[in-house]
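Since the structure comes first, as structure tokens, the remarks are kept for the end.
The values are calculated or read from the model by the stated rules, or taken from the named source; none is laboratory data. These figures come from a predicted structure and were not determined experimentally. Here the Cβ positions follow ideal geometry from the backbone for every residue, glycine too, while neighbour counts run over all protein chains shown. For accessibility, only protein heavy atoms count, side chains too; no ligands or nucleic acids. Shrake-Rupley method; radii C 1.70, N 1.55, O 1.52, S 1.80 Å.
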Amino acid sequence: MISSLHRRFSSFPRSLARSASIPAGLLALTGVVFLLAPAPTTQAQGREGRPIGPGVRLIQWTSPAGPHALHAVEVDTSDRFIRLGIAAGRAEGLGLEPLSRQAERLTLPDRYPIAGVNGDFFFYPGTTQPGIPTNALVLGGELIRTPMSRSCLVIAPDGTPSIRILRARGRVTLPSGVERTLDGVNQPRGGNQLVLYTPWFGQTTRTGKDGTEVYLTPEQGQFPLRHGAPHRARVEAVQTGQGGAPIAAGRWVLSGSGAAGALVRALKPGDTLELRVDLDPQIGPEDQVMGGGPRLVRDGKVSVESEGGTLGDAFAKARHPRTAIGFNGKKLYLFVVDGRQPGYSEGMSLYEVAEAMVALGCTEALNMDGGGSSTLWVRGSVANRPSDGRERSVANGLLVFSTAPKSDPVRLIPSTDTLYLLAGAEAEVKVTGEDPYYNPVEVPANQIRWQVDPRFGTVQNGRFTAAASLATEAGQEYQAVDLVAEAGSLRGTVPVRLYPQPARIEILPGTTRLGTLVQKPFRIRAYDREGHLLTLPAGLRWEASPELGTVAADGTLLTGETAGRGTVTVTVNGVAATAQVEVAAGVAAALEDFENTMDWKARLLPAGTQGAVFVAQGKARSGRKALRLDYDFSTATGTRAVYALGSRVLGQPLALKLWVHGDGQGAWLRARIRDGKQNNHLLDLVRKVDWKDSWRELRLPISEDLPGPISLEAIYVVETDPNLKPKGTLLFDDLSVEE
């Protein structure tokens, strides 16, 4: 989810309020409004991929232009075993749930999901309507959420997809014959609006006290609410000035405010109402609908459309993690590009995503929710790298189901792609069984026998060790080797490239200035000519100029007591790299000991979260004081966080270090840093604080690809799972940097 977009939503999406005006930079052509695109960026073509189901394959590739890490699932919707289905966030009503959990909930023995992506934008946790999708949702013919003026994905019963902007035309006929427009179904109620709530919305209407709510019982056969059909319902009760009416199973609540509330206030128990909601353009009675937007591709050409002013030009041009769905009449594509991870993947603008969809062969494509929500789920695990560092709970998603029968394995497949190793390096190797329809079947490791030419290495206990000495043909950079796995009559191979030497190596940092008597770890990266990262052997040879101090076998330099200049050199299979180092007296590594500071402040999100941040005496790691962060996530829902805000300039460090006194509650501890171009980056200090009553030093690497100077903006604890409600206390001390 693009969180900055979601935080704009309060009781109603502000993007709807902007629909009357068209932002600058729009061009109207043939009745369709387009955002003016920047110069196109060439995208890498998709790779061959690997099958993950009948007619379904996973494609993953990279583009150095971003850099971009791209992931797609290609689906042959005509395959007899394949079905498409839309999943809602929770079984008991609208809400947030990880896509993997949605898939697990919808798994049946004869109909099981094999891939999926996240779906629509939603109202952000902390608003009065957390987890409610912002656009249409129709499942099994039931109208769950009326649309806004953005494109939707429509799936016909035969799996045919289409993209449409739907509009709802609803009306309520009172016993007197007076008709009143029904403004929506299961959406936040605005001023002078009449909204119908069904049990999908949750336990209550979550409305304010400024309206009237009518409890309705549908007549026999009139439940659930279906679009394009008349419904009759009996009034059971009318309440005014209370709000938050409970929604019972099999019942509806009609809620009005302003003039609409005054109109229905005259109703009395026993009255009968007629309700009807039609969608324009009309869709089939069993079509599935999931909101998204905007459209990205039309008739095979890039077409990023503003859709009534609901899309801003800045949002379209900014690079974020993105999710999209596209198709071409033969194939459907689920697409995700990772982002907000410098050096790995920067994310894409909507124009870049549209170009990537066209490159895949899509004639039509639709943007979905992005940011931390962007998730591609494949065969039980997340195939991409979400920017939150873990899978986020989302409102809905599109799943690909297989109905193929499951059977015994017919082949062994590698659990990893091609391995790239230098001579003498080690790597884990693993294969799993697969049936004729690509369903995984576990094969015990003790039943698998490995074969490899002993000239190239050995396999023991699931690990391959490359030979320490390798020979290649003249002009050949590497030796291609297949590790053959056998289990009974089954065979499979793990492809390996073995390199006598790297084409180039890097030592990081390449230049640095250190204080006396400090430890400085250096890192190494080795590459082949194509830029593949190579696995390093153990026992590298490190050397340091005597003026600097001594360097350990793991590449950690311990500087001496005096100033000096020199080099640190590492040799990898005969190829050397050198770093320039200056040691100067008085270069401090410590950043914050919390002994004489009062400027750390607390920020609590959302409303209802309890917590505090302050400098406390007593249980410090060193000195007398430490920074204390109290949090209580039991009193709010959705994503909850307590921030310790305190800006500190880091310069261009290798890593940030922080000592943390744990409480054992499993909290997710993160840091927010800002680079020299004023871009924020959210990074994990630790996924779970699972230690208690003791101090532990955490090290957060800082990518050298980030423009400096780097500053630390916040340390914070966060919980995104609505089912978890931890509370506790963390202490922080001795904040420092590795330069």
For this session: Pop a pseudo-label 7 angstrom from the Cα along the beta-carbon direction at both Val441 and Asp453 and give the gap in nm to one decimal.
Result: 3.2 nm
Exercise. Which FRET efficiency, nearest 0.05, do Ala585 and Lys619 yield, Cβ-Cβ r, R0 25 Å?
Worked result: 0.15
Problem set entry | Between 0 and 90°, nearest 10: helix 350-360 axis offset from the chain longest Cα axis | 80 degrees
Problem set entry | Interchain or long-range residues, amide H under 5 Å from Arg491's placed H | Leu412
Exercise. How big, in percent, is the set of alpha carbon pairs in segment 87-246 lying more than 27 Å apart?
Worked result: 29 percent
For this session: Subtracting the Cα-Cα distance from 0.36 nm times the residue separation, let me have the gained length for Thr107 to Glu142 in nm, one decimal.
Result: 10.5 nm
Problem set entry | Sparsely packed GluC sites (Glu not before Pro) within segment 192-257, loop by DSSP, other Cβ within 10 Å at most 14 | Glu219
Seminar exercise, completed: The farthest towards the positive end of the charge dipole of the chain, of the residues Val718, Ala584, Leu94, given +1 on Cβ of Lys and Arg and -1 on Cβ of Asp and Glu, is Leu94
Problem set entry | Viscosity 1.306 mPa s, 10 °C: Kirkwood-radius Stokes-Einstein D of the chain over Cα pairs, µm²/s | 55 µm²/s
Problem set entry | Note, ³J(HN,Hα) from phi for segment 637-643, Karplus 6.51, -1.76, 1.60, rounded to Hz, x at Gly and Pro | 10, x, 6, 10, 8, 10, 9
For this session: Let me know the charge dipole size of segment 114-259 about its Cα centre in debye, to the nearest 20, where only the beta-carbon of Lys, Arg (+1) and Asp, Glu (-1) is charged.
Result: 200 debye
Seminar exercise, completed: In whole µm²/s, the translational diffusion coefficient that Stokes-Einstein assigns to segment 609-696, given a Kirkwood hydrodynamic radius over C-alpha pairs, 4 °C and 1.567 mPa s, equals 87 µm²/s
Exercise. Among Val410, Gln220, Leu685, which residue has its Cα positioned farthest towards the positive end of the charge dipole of the chain, with +1 placed on the Cβ of Lys and Arg, -1 on the Cβ of Asp and Glu, and the dipole taken about the Cα centre?
Worked result: Gln220
Exercise. Once the dipole of the chain is set up with Lys and Arg at +1 and Asp and Glu at -1 on Cβ about the Cα centre, which of Gly618, Pro440, Ala602 lies farthest towards its positive end?
Worked result: Ala602
Exercise. When N counts the residues of segment 66-132, how does its alpha-carbon radius of gyration compare numerically with 2.2 N^0.38 Å, as a ratio?
Worked result: 1.37
For this session: From largest accessible area down, sort Leu143, Leu591; use a 1.4 Å probe on the protein chains.
Result: Leu591, Leu143
For this session: Could you tell me which trypsin sites (Lys or Arg not before Pro) in segment 437-527 are loop residues by DSSP with no more than 15 other beta carbons within 10 angstrom of their beta carbon?
Result: Arg455
For this session: Stick to Cα atoms and the Kirkwood definition of Rh, then tell me Rg/Rh for segment 216-323.
Result: 1.13
For this session: Using Cα positions and a limit of under 15 Å, work out the aspartates and glutamates in reach of Lys301, with same-chain residues fewer than 8 apart set aside.
Result: Glu352, Glu355, Glu364
For this session: Using a cut-off of under 16 Å, list every residue of segment 144-178 whose amide N is near the label point 7 Å from the Cα of Ala266 along the Cα-to-beta-carbon line.
Result: 172-178
Exercise. Which whole-Hz couplings ³J(HN,Hα) result when phi for each residue of segment 435-444 is put into the Karplus expression 6.51 cos²θ - 1.76 cosθ + 1.60, θ = phi - 60°, listed in order with x for Gly and Pro?
Worked result: 7, x, 10, 6, 7, x, 10, 5, 10, x
Seminar exercise, completed: Given unit charges at Cβ for Lys, Arg (+) and Asp, Glu (-), the dipole magnitude of segment 583-706 about its Cα centre in debye, nearest 20, is 120 debye
Problem set entry | Global form of segment 651-739, assessed from the alpha-carbon gyration tensor, a/c cut-off 1.5 | oblate
Exercise. When only the heavy atoms of the protein chains count and the probe is 1.4 Å, how do Trp61, Trp450 rank by accessible area, highest first?
Worked result: Trp450, Trp61
Exercise. What residues qualify as long-range amide H neighbours of Asn396, i.e. H under 5 Å apart, gap of 5 or more or another chain, H built at 1.01 Å from N?
Worked result: Gly119, Asp120
Exercise. Glu530: accessible area at probe 1.4 Å, nearest 10 Å²?
Worked result: 120 Å²
Seminar exercise, completed: On the accessible surface of the chain, probed at 1.4 Å with all protein chains in place, carbon and sulfur together account for a percent value of 49 percent
Seminar exercise, completed: Between Leu422 and residues 5 or more places away or on another chain, the pairs with built amide H atoms under 5 Å apart involve Tyr499, Thr535
For this session: Divide the volume of the convex hull of the Cα atoms of segment 316-454 by its number of residues and quote the answer in cubic angstrom per residue.
Result: 186 Å³
Exercise. With the other protein chains left in place, how much accessible area per residue, in square angstrom, belongs to the chain at a 1.4 angstrom probe?
Worked result: 42 Å²
For this session: Run the dipole for the chain about the Cα centre, Lys and Arg Cβ at +1, Asp and Glu Cβ at -1, nothing else charged, and hand back the magnitude in debye, nearest 20.
Result: 1540 debye
Seminar exercise, completed: Where a ≥ b ≥ c are root eigenvalues of the Cα gyration tensor, a/c under 1.5 meaning rounded, otherwise prolate if a/b exceeds b/c and oblate otherwise, segment 506-557 counts as prolate
